[in-house]
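Derivation of every value follows stated rules applied to the coordinates shown; laboratory data play no part. Here the structure is a predicted model, which means the values were calculated and not measured. Reconstructed Cβ throughout: ideal geometry from the backbone, glycine too, with neighbour counts over all protein chains shown.
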Amino acid sequence: MYGKGILKSLKVTWDRFWDTYTEDISWWLRGKKRYNSAEGIAHRSSKDTRGIFTVQYPEEQLLLAEEMRYVPFLVYDEAADGKKEVRCTSCGICAKVCPPQCIWIVRTNDPVTNRPVPVPTDFYIDMDICMNCGFCAEYCPFDAIKMDHDFDIAAYERSVYNLEKLLKPASYYAGIRPENAAREDEARRVKEAAKAAKAEAAATTPAA
């Protein structure tokens with residue numbers, strides 16, 4: 001029959017239209033929010049959803065997986081006195097492994113000895129060039145650079161982030177990647193405990 005395919009496609013649209021209202025009423029009767037709630041967004045993103053399944057961006061946003069990665073950021077630990085203890089030592093490994101070469105580091109030198117100090121004076125990442133590969137975070141030996149979940153960074157001008165804009169606290173990292181942060185903290189504790197035990201053993205060993 002001529003036009004049968006068109007009728008089938010219209011039926012799909014019609015069914016989806018009415019399923020949206022029946023699902024909305026069902027959720028309302030159960031006292032749940034189908035929109036603007038984590039549960040509702042997760043259900044509409046699943047294979048079991050009926051009716052509308054689109055997310056009303058930007059009022060709603062898809063729930064991101066922990067391993068989702070976008071642009072990098074630098075981690076700092078919050079000291080008791082409120083001072084930012086930047087983990088980065090400006091070793092330059094991240095800049096060396098970066099495929100598009102979008103990372104620039106300005107090292108700090110001691111004004112007296114002119115020797116390098118393990119703290120960056122400034123740190124630049126050109127977000128327009130960054131390909132979000134995550135190599136910088138993977139190869140960093142100090143867990144100082146991580147991949148962010150923030151993807152709402154569209155701008156009219158060139159997006160070159162400096163040290164001030166890249167820095168985020170360790171608590172932020174633990175919030176977006178709780179499992180990874182917990183594993184890294186445990187590994188760090190084990191390493192520090194082993195180091196302390198080795199130092200204690202060396203101190204108690206009598207000199208020959």
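At 0.36 nm per residue, and after removing the present C-alpha to C-alpha distance, how many nm does the segment from PHE142 to THR205 gain when stretched out fully?
Extending this stretch completely gives an extra 19.6 nm.
Using Stokes-Einstein with the Kirkwood hydrodynamic radius over Cα pairs, what translational diffusion coefficient do you get for the stretch 43-84 at 25 °C and a viscosity of 0.890 mPa s, in µm²/s rounded to a whole number?
Rounded to a whole number, D works out at 172 µm²/s.
Give the lysines reachable from LYS195 as a straight Cα distance under 26 Å; neighbours fewer than 8 places away on the same chain don't count.
Cross-link targets: LYS83, LYS84, LYS146.
In whole Å, what are the extents of the chain along the principal axes defined by its C-alpha atoms, from largest to smallest?
96, 44, 36
Let me know the number of lysine pairs in the stretch 1-63 closer than 24 Å at the Cα, not counting same-chain pairs under 8 apart.
Step by step, the pairs that qualify in the stretch 1-63 add up to 4.
Give a quick list of GluC sites (Glu not before Pro) in the stretch 113-208 that DSSP marks as loop, anything other than H, G, I, E or B, with at most 14 other Cβ atoms within 10 Å.
GLU157
Using the alpha-carbon centroid of each, what span in Å lies between the stretch 82-114 and the stretch 33-52?
Centre-to-centre (Cα) distance: 44 Å.
Rounded to the nearest 500, what is the 222 nm mean residue ellipticity of the chain from helices alone, with -39500 (n - 2.57) per DSSP H run of 4+ residues and division by all residues?
-12000 deg cm²/dmol
Which whole-number percentage describes the relative contact order of the stretch 1-107, with Cα contacts under 8 Å and a sequence gap of 6 or more?
15
With labels modelled as points extended 7 Å from the Cα through the Cβ direction, what inter-label distance (nm, one decimal) is found for CYS133 paired with LYS195?
Label at CYS133, label at LYS195, 3.0 nm between them.
Using a 10 Å cut-off around each Cβ, can you sort CYS136, CYS98 from fewest to most neighbouring Cβ atoms?
By the 10 Å Cβ count, ascending, the order reads CYS98, CYS136.
Out of the trypsin sites (Lys or Arg not before Pro) in the stretch 73-116, which ones are loop residues according to DSSP with at most 10 other C-beta atoms within 10 Å?
Passing sites in the stretch 73-116 are LYS83.
Send over the Kirkwood Rh of the stretch 1-63, from the inverse of the averaged 1/r over different Cα pairs, rounded to one decimal Å.
It is 12.9 Å.
Place a label point 7 angstrom from the Cα of ASP77 along the Cα-to-Cβ direction, then list the residues of the stretch 112-144 whose backbone nitrogen is under 18 Å away.
118-120, 140-144
Express the C-alpha Rg of the stretch 70-168 as a ratio against the empirical globular expectation 2.2 N^0.38 Å, rounded to two decimals.
Normalised Cα radius of gyration, the stretch 70-168: 1.09.
Using only the Cα atoms of the stretch 110-179, build the gyration tensor, take square roots of its eigenvalues as a ≥ b ≥ c, and label the shape rounded, prolate or oblate: rounded if a/c is under 1.5, else prolate if a/b is larger than b/c, else oblate.
Since a/c reaches 1.5 but b/c is at least a/b, the shape of the stretch 110-179 is classed as oblate.
Please report the relative contact order for the chain, taking Cα pairs under 8 Å with a sequence separation of at least 6, and give it as a percent rounded to a whole number.
18
How about the stretch 1-87: which chymotrypsin sites (Phe, Trp or Tyr not before Pro) there are in a DSSP loop, with at most 15 other Cβ atoms within 10 Å of their Cβ?
TYR2, TYR35, PHE53
How much length is gained if the chain between ALA187 and PHE151 is pulled fully straight, taking 0.36 nm per residue apart and subtracting their Cα-Cα distance, in nm to one decimal?
Separation in residues times 0.36 nm, less the Cα-Cα distance, equals 10.0 nm.
Using a 4.7 Å Cβ cut-off, which Cys residues in the chain lack a partner cysteine?
Within the chain, the cysteines lacking a partner Cβ under 4.7 Å are CYS88, CYS91, CYS98, CYS102, CYS130, CYS133, CYS140.
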